[in-house]
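The values are calculated or read from the model by the stated rules, or taken from the named source; none is laboratory data. Every value quoted in this text rests on a predicted model; they were computed, and no experiment measured them. Note that each Cβ is placed from the backbone with ideal geometry, even for glycine, and that neighbours are counted across all protein chains shown. For the accessible areas, the whole protein counts, side chains as well, though only heavy atoms, and no ligand, DNA or RNA atoms are used. Shrake-Rupley method; radii C 1.70, N 1.55, O 1.52, S 1.80 Å.
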Amino acid sequence: RPHNRAAIDDHPMRERIEIVEGSSTAPETVSRVKSLCNDKGPTLVCLDSDHTHEHVLAELRAYAPLVTKGSYIVVMDTLIEDLPGDLFEGKRWGKGNNPKTAVAQFLRENRRFEADLDIDAKLLLTVAPGGWLRCTEDP
């Protein structure tokens, strides 16, 4: 969005930011991101886009191979599952169909990651409970 782009362009660390525009699950986007991360050292992935179960699960599957041992995938808005369902009327996501349900499925499928619940315990407030997924082994 224009205001996000302006904020990035005005940021003092702009020269260290590479913008990749496109759907986060589109093969060409995933490929471009992979090429930017290839052999660059520790890699952390932060997911915060479409909050439906299937979309988040697709993102997790696509970007997990990029995450290095000891680093994280951070999945935002896992709290949707814990909030009253009527808060999401008219949305494509809600109870039973959200980032937290995708995280649960992903963790059953992928043994390289575990939820780091110690981070939740350290935070006073979070929108990502159970969403800090620590990589425990190399790809």
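General remarks:
- Members of segment 23-56 found to be open to solvent by 40 Å² or more (accessible area, probe 1.4 Å) and either among the polar types (S, T, N, Q) or free of Cβ contacts under 8 Å to residues at least 24 places away in the same chain (or both), listed by number: Ser23, Thr25, Pro27, Glu28, Ser31, Arg32, Ser35, Leu36, Asn38, Asp39, Lys40, Ser49
- Where a residue in segment 89-103 is within 14 Å of Leu133 (Cβ to Cβ) and of a type in the set (Lys, Arg) and its partner, wherever it lies, is at pLDDT 95 or above and part of a helix (DSSP H, G or I), with Cβ under 7 Å and at least six apart: Lys100/Thr78; Lys100/Ile80; Lys100/Glu81
- Matching option when the condition is under 22 Å from Trp132 (Cβ atoms) and in contact with a strand residue (DSSP E or B) (Cβ under 8 Å, 6 or more places away or on another chain), among Val67, Val33: Val67
- Here the condition is being within 29 Å of Gln105 (Cβ to Cβ) and in contact with a Gly (Cβ under 6 Å, 6 or more places away or on another chain); of Thr29, Thr25, it holds for Thr29 alone.
Table: residues versus (1) over 28 Å from Leu117 (Cα atoms); (2) out of contact with any helix residue (DSSP H, G or I) (no Cβ under 9 Å at 6 or more places or on another chain).
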residue: Ile19; (1), (2): yes, no
residue: Glu28; (1), (2): yes, yes
residue: Ser35; (1), (2): yes, yes
residue: Pro42; (1), (2): no, yes
residue: Leu47; (1), (2): no, no
residue: Glu54; (1), (2): no, no
residue: Ala64; (1), (2): no, no
residue: Ser71; (1), (2): no, yes
residue: Leu79; (1), (2): no, no
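- Output for segment 57-107, where each listed residue is of a type in the set (D, E, K, R), open to solvent by less than 40 Å² (accessible area, probe 1.4 Å) and closer than 25 Å to Ser35 by Cα: Glu59
- Sole exception among (1) farther than 27 Å from Pro129 by Cα; (2) under 17 Å from the mean Cα position of the chain (by Cα) for Cys46, by number: (1)
- The residues of segment 108-131 that are under 22 Å from Glu59 (Cα atoms), of a type in the set (A, V, I, L, M, F, W, C) and either touching a Pro at 6+ places or on another chain (Cβ under 7 Å) or surrounded by fewer than 16 Cβ atoms within 10 Å (Cβ to Cβ) (or both), listed by number, are Leu117, Val127.
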